[in-house]
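The values are calculated or read from the model by the stated rules, or taken from the named source; none is laboratory data. Keep in mind the model is a prediction, meaning the values are calculated, not measured. So basically every Cβ, Gly included, is an ideal-geometry build from the backbone, and we count neighbours across all protein chains shown.
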Amino acid sequence: MRVLISLTIVWTALTALTPIWAEEKTQAVILVAYYSETGHTEALSRALVEGIESVEGVEAVLRTVSKASDEDIRRADGILVGTPVYWASLHARVKDFVDRVGQVLDEDTHGEGRTAGAFCTAGAVASGKELARLSILAAFLNMRFVAVGGLELDGFGNLGAEATTGPADPGLSEVELEAARRSGARFARITAQMRRSPN
Ligand SMILES: Cc1cc2nc3c(=O)[nH]c(=O)nc-3n(C[C@H](O)[C@H](O)[C@H](O)COP(=O)(O)O)c2cc1C
C-alpha cells in the first residue's frame, strides 16, 4: 500500500513538472507565415524552417498567412513573413496578414521584445524584391519589432532570404535554399537571445 502511495506521489509530481521542463527547453517560438501561389515561396519557407529547427530549443511554426491564427501571432517571439513579389511589392494577402499582426498584439506594446523578418521569391533578379521585403520590415519596425535580416553564403547580410524563380534562374537553387537555412538559423539565434534578455 505504501509503495502504491509513494508511486502516486512521484507520478503526480512528475506530471506537474513536465510543462515547466517543456517550457524551459523551448527558448523561443518563431512563426513563419507565407503566401504562395505556385510553390516557390513555400519551398523557401521550408528551408527557413530547417534552419530555425537546427537551433536547439527554438520551435518553428509554419503556416500560410490565411491559416496563421491570432493565437499563433500572440505566441510568437519572432515572426518571419514571406511573399511572392507582385508588381514590385508584397502580395495583397501578405499585407492583410501584416495588418492583422498589428491588430492582434496588445496595442500598448505591439512587437516590443520580438523579432521580425521578411523573405520573398520573384521572377526577376531586380524587379521589386528589395521593395517587397522593405515594405514588410517597415511595417514591423512601426510596430516596435526588432528587424532581423538574412545571410548570403559569402557572409554578407541582406534584407531577408530570397530567390529568383523566372526564366533567367528558374526554380530554387541549392545556393538560395542554403542561404535561407542559414538565415533561418541566424533569426532563431537572435530571437532566442532576445527572449532571454529582459525587455
Ligand atoms: C501578377 C503577378 C505579378 C508579378 N510581379 C512580379 C514583379 O513585379 N517582379 C518580379 O520579379 N516577379 C513578379 N512576378 C513573379 C512572381 O513573383 C514569382 O513567380 C514568384 O516566385 C511566385 O511565387 P510563388 O510560387 O510562391 O507563388 C509576378 C507574378 C504574378 C503572377
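For PHE97, are the conditions met, namely being under 16 Å from ILE30 (Cβ atoms), within 16 Å of the ligand (Cβ to nearest atom) and not hydroxyl-bearing (Ser, Thr, Tyr)? Yes; evaluated as a whole, the condition is true for this residue.
The single condition among (1) closer than 23 Å to ALA60 by Cα; (2) of a type outside the set (Phe, Trp, Tyr); (3) at pLDDT 95 or above that GLY171 does not meet is (1).
Report, by residue number, each residue of the range 33-45 that is within 12 Å of the ligand (Cβ to nearest atom) and buried (at least 17 other Cβ atoms within 10 Å of the Cβ).
Residues of the range 33-45 within 12 Å of the ligand (Cβ to nearest atom): 34-45.
Within the range 33-45, TYR34, TYR35, SER36, HIS40, THR41, GLU42, ALA43, LEU44, SER45 meet the criteria.
For the range 114-152, a residue qualifies if it is surrounded by 24 or more Cβ atoms within 10 Å (Cβ to Cβ), in a helix (DSSP H, G or I) and of a type in the set (A, V, I, L, M), and the qualifying residues are ALA132, ILE136.
Within the range 36-52, the set of residues being over 10 Å from ARG181 (Cβ atoms), acidic (Asp, Glu) and in a helix (DSSP H, G or I) comprises just one member, GLU42.
Each residue in the range 76-92 was checked for being under 17 Å from the mean Cα position of the chain (by Cα) and within 11 Å of the ligand (Cβ to nearest atom), and 4 of them qualify.
If you go through the range 153-164 and keep only what is part of a loop (DSSP other than H, G, I, E, B) and crowded, with 23+ Cβ neighbours inside 10 Å, you end up with GLY160, ALA161.
Scanning the range 140-153 for residues that are within 16 Å of the chain's Cα centre (by Cα), closer than 26 Å to LEU177 by Cβ and not aromatic (Phe, Trp, Tyr) gives VAL146, ALA147, VAL148, GLY149, GLY150, LEU151.
Taking into account only those residues within the range 82-113 that are among the aromatic types (Phe, Trp, Tyr) and surrounded by 15 or more Cβ atoms within 10 Å (Cβ to Cβ), which is nearest to PHE145 (Cα to Cα)? Here the answer is PHE97.
THR191 passes every criterion in (1) without any contact (Cβ under 8 Å) to a residue 60 or more places away in the chain; (2) surrounded by 18 or more Cβ atoms within 10 Å (Cβ to Cβ) apart from (1).
Keeping to the range 109-165, report how many residues are among the small types (Gly, Ala, Ser), in contact (Cβ under 8 Å) with a residue 24 or more places away in the chain and more than 11 Å from the ligand (Cβ to nearest atom). Lay out the reasoning, then the answer.
Residues of the range 109-165 that are among the small types (Gly, Ala, Ser), as a first pass: 111, 113, 116-118, 122-124, 126-128, 132, 135, 138-139, 147, 149-150, 155, 157, 160-161, 163.
Filter once more, keeping what is in contact (Cβ under 8 Å) with a residue 24 or more places away in the chain: 111, 113, 116-118, 122-124, 127-128, 132, 135, 139, 147, 149-150, 160-161, 163.
Filter once more, so that each one left must be more than 11 Å from the ligand (Cβ to nearest atom): 111, 113, 116-118, 135, 139, 147, 149-150, 160-161.
Final tally of qualifying residues: 12.
Of the residues making up the range 70-89, those that are closer than 19 Å to ARG46 by Cα and not charged (D, E, K, R) are ILE73, ALA76, GLY78, ILE79, LEU80, VAL81, GLY82, THR83, PRO84, VAL85.
SER66: assigned to a loop (DSSP other than H, G, I, E, B), away from the ligand (no atom under 11 Å from the Cβ) and at pLDDT 95 or above, yes or no? Don't jump to the end; show me each part of the working.
Values: assigned to a loop (DSSP other than H, G, I, E, B): yes; away from the ligand (no atom under 11 Å from the Cβ): yes; at pLDDT 95 or above: yes.
Yes.
Selection of the range 88-108 for residues being of a type in the set (D, E, K, R) and either part of a helix (DSSP H, G or I) or in contact (Cβ under 8 Å) with a residue 40 or more places away in the chain (or both) yields ARG93, LYS95, ASP96, ASP99, ARG100.
Per the conditions (1) over 27 Å from THR38 (Cβ atoms); (2) in contact with a Pro (Cβ under 9 Å, 6 or more places away or on another chain), the sole criterion not satisfied by ARG75 is (2).
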